[in-house]
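Student: The structure follows.
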Amino acid sequence: MFYENMRSIVGDGMATCPLAKHKRLRRLAQPAFHSGRMTGYARTVQAQVDAVTATWRHGQILDVLPEMRSLATRSTLATMFCRRDLGPEVAGLRRAVTDFVDHQTILRMIAPGLNRLPTRRNHRYRESEARLLRFLDEEIAAYRRDGADHGDLMSMFTTALDSDRLSDKEVRDTAMTVLLGGITATAVGHAWALHQLSQDSALDAEVAHEAQAVTRLGQGHTAADVMARLPRTRGVVAEVLRMRSPSWIFPRVAVTDTAIGSRRIPAGAQVLLSPYVLHHRPDLFPSPEAFDPYRWDGRDPHQVKGWLPFGAGESKCIGYELAFMDLTLSLAGIIRSWRLLPCPGSVRPRPRLHLEPHGLTLRLTERNQR
Ligand code: HEM
């Protein structure tokens, strides 16, 4: 039911299409997320972090979530479209993506009809959506015409695989799914990571030290090399995704009669699965309420049973490797030069489309000024 509703927002993309269609869409989109492409994406992410943090000033109070949305929007657009410099167009495009993404709440996902009510906010949303769709249609046509690999997601979405390829409509729906799912979840992950480091100066110093020692990409180092040299930063990211799992709930349908514990689940039943609840089970994660990045020392979170921030199975997040790398490199890129200090007031998890840190503001302190 949830995904059928979402279909009116992001079309028939991978996350929302009927099961029968999913396997083919997934197979055709998968090459865009191949490990071999990560170094190119990592370079793009680092450039966007540099551009955003270059606007920051010592002593500034940062409204963290909107700032991280802006960073995630920039990084996602830049990893999707490298065919040409988007020039002055990019500011309007970023605004349209932000309007589109900000508008979607869990309530609107459950009741998409709300988007059609004649309110000023909805009018603005529809304009942004129309602008985005126009842009996507023009870009898809241009990528098809030129047929080159620009090292971005869009080149791969428009390429044929085994003489089959995504149709223009399928590319458009895939792109909308990536924009909606990727941007909000990544931004929330960034924001929680900065919150956690603001609370613990020793941990913050450790991450800063690690980040300052690491060679930047573009000097013969791959994304995997740089990631390997950031074990503490990776631990922080894994722990943020455990403790503040951005995707706190998602639905599944039982394909056959089954049982979970003592409960019988008949075929066709809708089940809500909460990674948040799973991640706070003391039998799986001892002292689950403690933020402890050291629990990941020497462990690959992707291999740990019960750690499911990206879901599992055939529809596990297709962007999980890219997302984990983006979170790690962005955090390292920020913390290398900035200490973010807490401001008065409490920060609470707010379950929206993703689990947001409500009330999070931080004061920027430039490290070399301290
Ligand atoms: C911290 C960041 C992210 C989190 C926590 C996250 C989490 C998730 C989750 C929980 C799902 C549903 C999995 C399931 O049903 O089992 C999902 C699906 C998906 N995600 Fe992500 N995601 C993130 C970032 C991204 C990024 C960066 C992209 C693309 C660039 C992306 C693209 C997708 C797509 C296309 C799907 C649908 C996959 C399918 O149904 O086969 N996500 N994500």
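Student: Does residue 63 satisfy being away from the ligand (no atom under 16 Å from the Cβ) and closer than 22 Å to residue 106 by Cβ? Explain how you work it out, then say what you get.
Tutor: Details: away from the ligand (no atom under 16 Å from the Cβ): yes; closer than 22 Å to residue 106 by Cβ: yes.
The answer is yes for residue 63.
Student: Could I ask something else about it? If a residue has to be free of Cβ contacts under 8 Å to residues at least 12 places away in the same chain and not charged (D, E, K, R) to count, how many in the stretch 336-359 make the cut?
Tutor: Looking only at that region, the number is 2.
Student: Inside the stretch 340-367, can you point out the residues that are under 26 Å from residue 110 (Cα atoms) and open to solvent by less than 40 Å² (accessible area, probe 1.4 Å)?
Tutor: 353, 354, 355, 356, 357 - these are the residues of the stretch 340-367 that are under 26 Å from residue 110 (Cα atoms) and open to solvent by less than 40 Å² (accessible area, probe 1.4 Å).
Student: Let me ask something else about it. Is it the case that residue 239 is open to solvent by 60 Å² or more (accessible area, probe 1.4 Å) and either in contact (Cβ under 8 Å) with a residue 24 or more places away in the chain or of a type in the set (Phe, Trp, Tyr) (or both)?
Tutor: Judged against the criteria, residue 239 is not a match.
Student: So for the stretch 103-116 (the condition being without any contact (Cβ under 8 Å) to a residue 40 or more places away in the chain, open to solvent by less than 40 Å² (accessible area, probe 1.4 Å) and out of contact with any strand residue (DSSP E or B) (no Cβ under 7 Å at 6 or more places or on another chain)), does at least one residue qualify?
Tutor: Yes, that holds for at least one residue.
Student: What number of residues within the stretch 299-331 satisfy the criterion of being in contact with a Phe, Trp or Tyr (Cβ under 7 Å, 6 or more places away or on another chain), at negative phi, open to solvent by less than 40 Å² (accessible area, probe 1.4 Å) and not in a helix (DSSP H, G or I)?
Tutor: 3
Student: Moving to a separate point now. Residues that are open to solvent by less than 70 Å² (accessible area, probe 1.4 Å) and among the small types (Gly, Ala, Ser), at least 2 per element: which helices (runs of 4 or more DSSP H) completely within the stretch 117-207 meet that?
Tutor: 120-146, 183-198
Student: Please pick out the residue among 300, 326 that is more than 16 Å from the ligand (Cβ to nearest atom), closer than 30 Å to residue 154 by Cα and not small (Gly, Ala, Ser).
Tutor: Exactly one of 300, 326 is more than 16 Å from the ligand (Cβ to nearest atom), closer than 30 Å to residue 154 by Cα and not small (Gly, Ala, Ser), namely 300.
Student: Tally time: how many residues in the stretch 312-323 are closer than 18 Å to residue 227 by Cα and either without any contact (Cβ under 8 Å) to a residue 24 or more places away in the chain or within 6 Å of the ligand (Cβ to nearest atom) (or both)?
Tutor: First, the residues of the stretch 312-323 that are closer than 18 Å to residue 227 by Cα: 319-323.
With the extra rule that they be either without any contact (Cβ under 8 Å) to a residue 24 or more places away in the chain or within 6 Å of the ligand (Cβ to nearest atom) (or both), the set shrinks to 319-320, 322-323.
Within the stretch 312-323, residues that are closer than 18 Å to residue 227 by Cα and either without any contact (Cβ under 8 Å) to a residue 24 or more places away in the chain or within 6 Å of the ligand (Cβ to nearest atom) (or both) number 4.
The values are calculated or read from the model by the stated rules, or taken from the named source; none is laboratory data. On a predicted model such as this, the values are computed, not experimentally measured, just so you know. All Cβ positions, even for glycine, are placed from backbone atoms using ideal geometry, and neighbour counts span all protein chains on display. Protein only, heavy atoms only, side chains kept; ligands, DNA and RNA dropped before computing areas. Shrake-Rupley method; radii C 1.70, N 1.55, O 1.52, S 1.80 Å.
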